[in-house]
């Protein structure tokens, strides 16, 4: 059975009960990186995360596309144990798939997902036989994609670019919670006044009706309430409408983000997760703040989105400590809830972290 094939009602009930038990995690300080999600029970590594690093990848905050392309190729081969990149990519997708590359465009080409990383993934997909017409670069807002350089990238490589909001929302697929939202223009139920309006967040028709596989590429960027604007947060809130009711409340995010991601129409389509860690910005979400950034020149890759987010929280905490800053918001409950829903591994000791030579 798929991890998301369980009753959605059971999902909501589970987290509603667990939030109360675990709420003390949400506001707590970031603890030592190695112990972030440990328990007293011994654990063994079950999830592989690979890290490719090259000091030439970004210089003066400008990417070297050829170096990034080589890093992505090394990472995907190491993750899959394939002998060459095309074979590695074919373990995730086929020529019949419509593959959506979910990027984070709102922070811009420097603060969000770098176009060079998305471009390297696209070239890998094309080498594996996926037609260019079947590759879609997407995020919630088309305008942000254009401003960040993804429209130009799509034109150069012959692939498509799409905004989830512009595609419209599917009335048959939604996340339902009693918390009512203040609807804005573009939300499916905006302007309606019937009972129950505002309690649903509908999934974009781009996801439910077009894409068959999703590759999620997030930047290593802090989020003031979610801890990191990473795999779980980026995909969940980038795919649905009526999100303002969650955005500025860590407790609400801790419940909503994992439950939205767990929708079968969303989470079950994700086949690969990538962290663009060329640059680590540990303060100033949604705005580029280079004075709160560290050049890491790394690409992280895993099948497990939770493991990548946990490692991201560790790195953000490490960089804040090195900068002499106080701990930021880690929202550990969000990632514990994701583990409860079997979206991935939140126990650091279960993560097999492999740094490529």
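The values are calculated or read from the model by the stated rules, or taken from the named source; none is laboratory data. This one's a predicted model, so the numbers in the text were calculated from it and none came from an experiment. Neighbour counts are summed over all protein chains in view; Cβ atoms, including those assigned to glycine, are modelled from backbone coordinates with ideal geometry.
Tabulated data for the structure shown
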quantity	calculated
Matching residues in the stretch 108-151 - criterion: being in a loop (DSSP other than H, G, I, E, B) and either in contact with a strand residue (DSSP E or B) (Cβ under 6 Å, 6 or more places away or on another chain) or surrounded by 22 or more Cβ atoms within 10 Å (Cβ to Cβ) (or both)	112, 113, 114, 130, 140, 141, 148
Candidate set from the stretch 50-97 (those that are in contact with a strand residue (DSSP E or B) (Cβ under 8 Å, 6 or more places away or on another chain) and assigned to a strand (DSSP E or B)); member that is farthest from residue 298 (Cα to Cα)	63
Residues satisfying the stated conditions in the stretch 181-202, i.e. surrounded by fewer than 24 Cβ atoms within 10 Å (Cβ to Cβ) and in contact (Cβ under 8 Å) with a residue 40 or more places away in the chain	181, 182, 183, 184, 186, 187, 188, 189, 198, 200, 202
Residues satisfying the stated conditions in the stretch 257-291, i.e. in a helix (DSSP H, G or I) and closer than 23 Å to residue 68 by Cβ	290
Residue match in the stretch 87-102 (condition: closer than 26 Å to residue 282 by Cβ and either in contact with a helix residue (DSSP H, G or I) (Cβ under 8 Å, 6 or more places away or on another chain) or modelled with pLDDT under 95 (or both))	yes
Evaluation of residue 155 against (1) out of contact with any helix residue (DSSP H, G or I) (no Cβ under 8 Å at 6 or more places or on another chain); (2) more than 26 Å from residue 287 (Cα to Cα); (3) not in a helix (DSSP H, G or I) (one fails), failing number	(3)
Of all residues making up the stretch 203-256, the number that are surrounded by fewer than 24 Cβ atoms within 10 Å (Cβ to Cβ), in contact with a helix residue (DSSP H, G or I) (Cβ under 9 Å, 6 or more places away or on another chain), part of a helix (DSSP H, G or I) and modelled with pLDDT of 95 or more	8
Unmet criterion (only one of (1) outside any helix (DSSP H, G or I); (2) under 25 Å from residue 116 (Cα atoms)) for residue 309	(1)
Residues that are surrounded by fewer than 18 Cβ atoms within 10 Å (Cβ to Cβ) and either at positive phi or in a loop (DSSP other than H, G, I, E, B) (or both), drawn from the stretch 168-180	168, 178, 179, 180
Candidates 105, 154, filtered to the one that is surrounded by 17 or more Cβ atoms within 10 Å (Cβ to Cβ), in contact with a strand residue (DSSP E or B) (Cβ under 9 Å, 6 or more places away or on another chain), free of Cβ contacts under 8 Å to residues at least 24 places away in the same chain and under 22 Å from residue 64 (Cα atoms)	154
